[in-house]
Amino acid sequence: MRQNLGDANLDYQENGSFELFSLEDDLFQTCSDKLSYVNQLLQPIFKEDVFSVTNNSFGFKNIKEQYVFNQFEGQINTGKMMATLLQLVHTLGVKIVNNVEVKDCVSFENGAEITLKDGFRFRTAKVLITTNGFASQFLEEDVKPARAQVLITKPIQNLHIKGTFHFDEGYYYFRNIDNRILFGGGRNLDFKAEETTIMETSALIQEKLEALLQSTILPNTTFEIDHRWTGIMGVGKQKKAIVKEVSPNVYCGVRLGGMGVAIGSLVGKELAELVL
Ligand SMILES: Cc1cc2nc3c(=O)[nH]c(=O)nc-3n(C[C@H](O)[C@H](O)[C@H](O)COP(=O)(O)OP(=O)(O)OC[C@H]3O[C@@H](n4cnc5c(N)ncnc54)[C@H](O)[C@@H]3O)c2cc1C
C-alpha cells in the first residue's frame, strides 16, 4: 500500500504501538516472558528487536505501569488512503459502481452470471468476491461477520497521546487522530450480538467505551464524543485470509481478520495473480 499510494498520501506516521495490561490478570507477565522468543522469530524480517517493555508515560490509569512497545507499528489516515486509491484506479480505467447489491452469482464453464437485487442479470468472464465480512451470502467458506464499534472525541487541547494502543488481548484499540482520540472495540462483551452485518451501535458497548475512556485513557481530561459508528470485519477460526478459486471462474479474497488495512493490498495482489 505504501509503495502504491505513497506515504504522504496516506499521512503515514511511524509512532509505534503500545500494548496496555490490566491490573486484574497476569497477561503482562505471560507476554513479557515470551518477548525475546517473539523478537527472535521476527529478527530475520526487521533485523532489530520489534518488542520491548517501556513505562507508562501517557498518564493512563488502572493499568500496569509497564507496557509492551512495538517500535515499528505505523498509523495512517484511512480517509486519505481511500481517496488516493480511488483516484489511482480511476486513472487506470477501473469503473466503480456504487450502491448496487449483488444477490446471486452462478458459475459456468466459461464464465459466471451475476444477478442484482433489482433482478438485472449479466454475464462476465470472471468474478472476484471480496465482500469480506458479508461473504457468507455467496460462500461456504469459514468467514463470519464481526461488527466493530467505534467512537471519536471532539478535539482535545494539548492532547499528549500519540501512537496506537491496544489492550485486553487486542479487543480494544485507540489512537490519536490529530488532537482527537479514536477508540473502538469491546466485541468480546457480547460476541454473539456482534456477529452481525447490521450497522448499528449498541448501548452495552458504547457505554463501556465511554467508561474506559474516562477511567483509563483520559482520566484527567474533559472530553466530548463527536461521532459513533460501526464497521464489519470478516473473521473465522484461523487468522488467515482465504484466497482461492471457489468454482470455475469465481474467486474469493475474504476473511481479512480485522487486518484488511494492513494486509488488503497484498491479498488483492495474490488474488489478481491467482486469476491471471
Ligand atoms: C472499526 C474497525 C477498525 C479496524 N481497524 C483496522 C486496523 O487498525 N488495521 C487493519 O489492518 N484493519 C482494520 N480493520 C479491518 C479493515 O477495515 C478490513 O479488514 C477491510 O476494510 C477489509 O476490506 P475489504 O475491502 O476486504 O472489505 P470491506 O471494506 O468490508 O468491503 C466490502 C464491501 O462489500 C460490500 N458488499 C457487501 N455485500 C455486498 C453485495 N451483496 N453486493 C455488493 N456489495 C456488497 C460492502 O458494502 C462493502 O463496501 C478495521 C475494521 C473496523 C470495522
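A short reminder: the numbers here are calculations on the coordinates, not readings from a lab. Here the structure is a predicted model, which means the values were calculated and not measured. With ideal geometry, Cβ positions are generated from the backbone for all residues, glycine too; neighbour counts draw on all protein chains shown.
Beyond 29 Å, what share of the Cα-Cα pairs of the chain is found? Please give it as a whole percent.
42
Would you please calculate the Kirkwood hydrodynamic radius of the range 17-72 over all C-alpha pairs and express it in Å, rounded to one decimal?
Over the range 17-72, the inverse of the mean reciprocal pair distance is 11.9 Å.
Quick one: check the C-alpha center-to-center distance for the range 119-143 versus the range 193-256, whole angstrom.
21
Let me check I've understood the local charge: for N4, count other residues with C-beta under 14 angstrom from its C-beta, Lys and Arg +1, Asp and Glu -1. What total comes out?
Spelling it out: positives minus negatives among the neighbours equals +2.
Which whole-number percent gives the relative contact order of the range 152-255, counting Cα pairs below 8 Å spaced six or more residues apart?
Relative contact order of the range 152-255: 23 percent.
When the chain is fully extended, how far beyond the present Cα-Cα distance does Q71 get from D178, taking 0.36 nm per residue of separation?
Once the chain is fully extended between Q71 and D178, it gains 36.5 nm.
Give me the dipole magnitude in Debye, nearest 20, for the range 17-72 about the Cα centre, with unit charges on the beta carbon: positive for Lys and Arg, negative for Asp and Glu.
160
Treat every Asp and Glu Cβ in the chain as -1 and every Lys and Arg Cβ as +1, leave all other atoms uncharged, and give the resulting dipole magnitude about the Cα centre to the nearest 20 debye.
Taking the Cα centre of the chain as origin, the dipole is about 620 debye.
Semi-axes of the equivalent ellipsoid for the range 190-276, please: Cα gyration tensor eigenvalues, times 5, square-rooted, ordered largest first, whole Å.
Calculated on Cα positions only, the semi-axes equal 36, 15, 11 Å.
Express the Stokes-Einstein translational diffusion coefficient of the range 1-150 in µm² s⁻¹, to the nearest whole number, given a Kirkwood radius over alpha-carbon pairs, 20 °C and a viscosity of 1.002 mPa s.
105
Taking 29 Å as the cut-off for C-alpha to C-alpha distance, list the pairs among K144/K208; K47/K237; K192/K240 that go past it.
The pairs that break the limit, which is 29 Å between Cα atoms, are K47/K237.
Counting alpha carbon pairs within less than 8 Å and at least 6 residues apart, what relative contact order, in whole percent, applies to the range 17-72?
Computed value for the range 17-72: 48 percent relative contact order.
Calculate how steeply helix 260-275 sits against the longest principal axis of the alpha-carbon atoms of the chain, using the helix alpha-carbon long axis, and give the answer as 0 to 90 degrees to the nearest 10.
Here the helix axis deviates by roughly 20 degrees.
Quick check: the angle from helix 203-212's long axis to the longest principal axis of the chain, C-alpha only, nearest 10 degrees?
40
Would you work out the charge dipole size for the range 1-145 about its Cα centre, treating the Cβ of every Lys and Arg as +1 and the Cβ of every Asp and Glu as -1, and quote it to the nearest 20 debye?
Dipole size: approximately 700 debye.
Taking 2.2 N^0.38 Å as the expected size of a compact globular protein, what ratio does the Cα radius of gyration of the range 1-43 give against it, to two decimals?
Normalised by 2.2 N^0.38 Å, the Cα Rg of the range 1-43 equals 1.76.
What's the center-to-center distance, using Cα atoms, between the range 1-15 and the range 36-82 in Å?
So the two Cα centres are separated by 18 Å.
If the cut-off is 13 Å between C-alpha atoms, which aspartates and glutamates fall inside it for K162, apart from same-chain ones fewer than 8 positions away?
In chain and number order, the partners are E14, E73, D178.
Kindly work out what percent of the DSSP beta bridges joining two residues of the chain are antiparallel, to the nearest 5.
85
Could you list the trypsin sites (Lys or Arg not before Pro) in the range 159-254 that lie in coil according to DSSP, counting only those with at most 16 other Cβ atoms within 10 Å of their Cβ?
Here the sparse-neighbourhood loop sites are K162, K192, K237, K239, K240.
Which trypsin sites (Lys or Arg not before Pro) from the range 1-73 combine a DSSP loop assignment with at most 10 other Cβ atoms within 10 Å?
Loop-located and lightly packed - K47.
Once Lys and Arg get +1 and Asp and Glu get -1 on their Cβ, which of Y251, T221, A211 lies farthest toward the positive end of the dipole of the range 166-276?
Y251
Do any GluC sites (Glu not before Pro) in the range 145-222 lie in a DSSP loop with no more than 10 other beta carbon atoms within 10 Å, and if so, which?
E200
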